[in-house]
Amino acid sequence: MRQMPSSDMVSLISFLAVLLIFFSIDVRSRNSSDTKPWHAHLFEWASRIGGLATALALTLGWVDLFLPDEDSPIHVAFVAVPGSVGVLCAITLGLEMLWQQWD
């Protein structure tokens, strides 16, 4: 995987910050109940996992931003993998909107 310049890392961090705000709003708007259907549990957990993965990617990206580019202990994959999980969870929550239209 290639090295990510600081300007690209700032753009990625900005995107992850917006995604984290989305997940925090989504998690707070959900009510916990054991009597929900299976798909409601799926979307609730997608929101939780996506928020945690995005927070991890944002933290690692922020720390990497202040480290020197050469010999950085944080590889781009350490930011890209949890960030990708967060994006996949956001896409899953986007599919929830379609699911709700069919109900």
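When ASP34, ASP26 are compared by accessible area of protein heavy atoms, the largest-first order is ASP34, ASP26, using a 1.4 Å probe.
Normalising the average separation of contacting C-alpha pairs (under 8 angstrom, six or more residues apart) by the number of residues puts the relative contact order of the chain at 37 percent. Here is how the number arises for the chain: DSSP H runs of 4 or more residues each give -39500 (n - 2.57), the sum is divided by the residue count, and the result at 222 nm is -27500 deg cm²/dmol. For the chain, the convex hull spanned by the alpha carbon atoms encloses 104 Å³ per residue.
The values are calculated or read from the model by the stated rules, or taken from the named source; none is laboratory data. Treat the numbers as computed from the prediction; the structure is a model and nothing was measured. The accessibility values were calculated without ligands, DNA or RNA, using every heavy atom of the protein model including side chains. Shrake-Rupley method; radii C 1.70, N 1.55, O 1.52, S 1.80 Å.
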